[in-house]
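Reading through the structure tokens given below for one structure.
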Amino acid sequence: MRKELKTQVIDQIAALIEARPNFYIVDVEGLNAEQTSSLRRSCFQKDIQLFVVKNTLLAKVLEKGGDEMKSLTSVLKGSTALMFTETPNAPAKLIKEESKKLGKPELKAAYVQECAYVGANNLETLCNIKSREELIGDIITILQSPAKNVISGLQANAGGCIAGLVKTLSEKE
């Protein structure tokens, strides 16, 4: 591969990492054409981009990142593919699902929400990571809980007395 072409590939990978900061490094070695096609189809359906990359080129991109990204270079051995996504846990769930059917892909490492996860033993942890929208929903639910308690208390049988007291107090002013 010519140096100009290598530079282009490195720039493309860096642009993808910048655009979609959640990425997974997986091993897809040993999959035949039919299995690879099935994996790519599953990725497309879940809005995950799958790219097979050369380890040396990916290492150059990771070296330009922070310490967390640099720690991922240790897993760059054998066949390597990258999975890019907006949803942090989608590739982990896909890997878990597809590896039951195909035996691969196998998680090597992941860079999710600015944290590095190295090793296949982190797959379950990555499956349980909540997306930004899920976290916002949880916070809203927590904030609504006290207000719901007050409203239900006012609407209960004893709430009629409280509502009457509030009305009386407001009329006195």
Give the stretch 15-67 a look and list any residue that's closer than 19 Å to TYR117 by Cβ and of a type in the set (Ser, Thr, Tyr), or say none. TYR24
Residues of the stretch 49-70 being open to solvent by 50 Å² or more (accessible area, probe 1.4 Å) and assigned to a helix (DSSP H, G or I), in sequence order, are THR56, LYS60, GLU63, LYS64, ASP67, GLU68, LYS70
Hey, among the residues in the stretch 89-143 that are assigned to a helix (DSSP H, G or I), under 20 Å from LYS46 (Cα atoms) and of a type in the set (Ser, Thr, Tyr), which one's most open to solvent (accessible area, probe 1.4 Å)? THR125
For the stretch 67-95, how many residues are farther than 17 Å from ASN22 by Cα and charged (D, E, K, R)? 1
Test: residue in the stretch 94-106 that is under 12 Å from ILE25 (Cα atoms) and of a type outside the set (Asp, Glu): yes
Conditions (1) open to solvent by 40 Å² or more (accessible area, probe 1.4 Å); (2) β-branched (Val, Ile, Thr); (3) assigned to a helix (DSSP H, G or I); number of the one not met by ILE17: (1)
Does the stretch 30-48 include one or more residues that are part of a strand (DSSP E or B) and under 18 Å from LYS104 (Cβ atoms)? no
Of all the residues that make up the stretch 123-152, how many are at pLDDT below 80 and among the hydroxyl-bearing types (Ser, Thr, Tyr)? 3
If only one of GLU34, GLU4 is open to solvent by 30 Å² or more (accessible area, probe 1.4 Å), modelled with pLDDT under 85 and not β-branched (Val, Ile, Thr), which one is it? GLU4
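Criterion first (modelled with pLDDT of 85 or more, within 15 Å of the chain's Cα centre (by Cα) and charged (D, E, K, R)) does ASP27 satisfy it?
It is false that ASP27 is modelled with pLDDT of 85 or more, within 15 Å of the chain's Cα centre (by Cα) and charged (D, E, K, R).
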Inspect the stretch 33-45 for any residue being in contact with a strand residue (DSSP E or B) (Cβ under 7 Å, 6 or more places away or on another chain) and among the hydroxyl-bearing types (Ser, Thr, Tyr) and give the result as yes or no. no
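The values are calculated or read from the model by the stated rules, or taken from the named source; none is laboratory data. Every value quoted in this text rests on a predicted model; they were computed, and no experiment measured them. FYI the Cβ positions are ideal-geometry reconstructions off the backbone, even for glycines, and counts take in every protein chain you see. The accessibility values were calculated without ligands, DNA or RNA, using every heavy atom of the protein model including side chains. Shrake-Rupley method; radii C 1.70, N 1.55, O 1.52, S 1.80 Å.
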